[in-house]
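The values are calculated or read from the model by the stated rules, or taken from the named source; none is laboratory data. All values reported here derive from a predicted model rather than from experimental measurement. Quick reminder, even Gly has a Cβ in these numbers, built from the backbone with ideal geometry, and neighbours come from all protein chains shown. Only protein heavy atoms, including side chains, enter the accessible area calculation; ligands, DNA and RNA are left aside. Shrake-Rupley method; radii C 1.70, N 1.55, O 1.52, S 1.80 Å.
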Amino acid sequence: MTREVVSGRGFDHLIFRRPALPAGADHPAGIHVYLEGDGRPWETRHRVSIDPTPSNPLALKLMVRDPAPVVYVGRPCYQGFAYAEGCRPELWTHDRYGSEVVESMVSAIEHALPPSERPPITLIGYSGGGVLTMLIAERFEGVERVITVAANLDIDAWADHHGYNRLAGSLNPTRQGPLDPRIRQIHLFGDRDRQVPPWTIERFRAVNPDATFKSIPGFDHRCCWIEQWPKIIGETLQPSPR
């Protein structure tokens, strides 16, 4: 894997990239762009973290197990940039899915991908990274597929369930209307997930009736995505029956 820093819109982003795994790996044409979860935005319920970077980056570990050409794009102010110019706690708390974050992510992905002959793009987001994939997909040309993993796709229902204040500075995918039907949506969640219970995305499902939703028995918010990812991603990328 190679490690780089690319510019977004007002922020720097850490990225990791890797070409396809050696010959023999079975993967479709295209590039997979991975987005990480929210990490640790709060130290406690009333104290904001000074650095939201996750200590156990699940999306990065999923990327490592994906045989396709892959790029991992970090979020603004994560991975060592919490004290960079323009960074402030709102960007990993109440505004974590806001326009400022989304626009910088779009720009960072643009800079991270080949400038010409760009292959089809699959956006893959874990947890809060899945929220961002939905918000980015409409704003980025060339996206053919969105895959979310344990994502809080209705951020209002999710906040209400946990008794959190709603994320006033963020965009809610459920309130953005349906995604362009030309972009295939696949949403994966565990039937034992207590962080994002499946019922919290019911309104999102109603807004996006053409999307595919798959509940995986025995999985929760973290288990057992990493261990089973090669099988899951292989099955998920099979052609749509529609």
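Please tell me if Arg65 is under 21 Å from Cys223 (Cα atoms) and open to solvent by 30 Å² or more (accessible area, probe 1.4 Å).
It is true that Arg65 is under 21 Å from Cys223 (Cα atoms) and open to solvent by 30 Å² or more (accessible area, probe 1.4 Å).
Looking at Asp180, Asp160, which is the one that is at pLDDT 95 or above and among the acidic types (Asp, Glu)?
Numbers: Asp180 fails: at pLDDT 95 or above.
It is Asp160.
The conditions are (1) out of contact with any helix residue (DSSP H, G or I) (no Cβ under 7 Å at 6 or more places or on another chain); (2) within 22 Å of Glu227 (Cβ to Cβ); (3) not aliphatic (A, V, I, L, M), and Ser107 fails exactly one of them. Which is it?
Ser107 satisfies every listed condition except (2).
How do the strands (runs of 3 or more DSSP E) wholly within the range 1-118 filter down when requiring 1 or more residues that are touching a Gly at 6+ places or on another chain (Cβ under 7 Å) and hydrophobic (A, V, I, L, M, F, W, C): which remain?
Where strands (runs of 3 or more DSSP E) fall fully within the range 1-118 and carry at least 1 residues being touching a Gly at 6+ places or on another chain (Cβ under 7 Å) and hydrophobic (A, V, I, L, M, F, W, C), they are 12-18, 31-35.
I'm trying to understand the selection: among the residues of the range 73-105, which are in contact with a Lys or Arg (Cβ under 7 Å, 6 or more places away or on another chain) and open to solvent by 10 Å² or more (accessible area, probe 1.4 Å)?
Glu103
May I ask you to list the residues in the range 80-129 that are aliphatic (A, V, I, L, M) and in contact (Cβ under 8 Å) with a residue 40 or more places away in the chain?
Ala84, Val102, Met105, Val106, Ala108, Ile109, Ala112, Leu113, Ile121, Leu123, Ile124 - these are the residues of the range 80-129 that are aliphatic (A, V, I, L, M) and in contact (Cβ under 8 Å) with a residue 40 or more places away in the chain.
Return yes or no: is Glu138 at pLDDT below 95 and among the charged types (D, E, K, R)?
Answer is yes for this residue.
Could you list, in sequence order, the residues of the range 111-142 that are open to solvent by less than 40 Å² (accessible area, probe 1.4 Å), under 18 Å from Ala211 (Cβ atoms) and of a type outside the set (A, V, I, L, M, F, W, C)?
Matches in the range 111-142: Thr122, Gly125, Tyr126, Ser127, Gly129, Gly130, Thr133.
Which one of these is open to solvent by 20 Å² or more (accessible area, probe 1.4 Å) and either within 16 Å of Ile31 (Cα to Cα) or in contact (Cβ under 8 Å) with a residue 60 or more places away in the chain (or both): Arg182, Arg145?
Arg145
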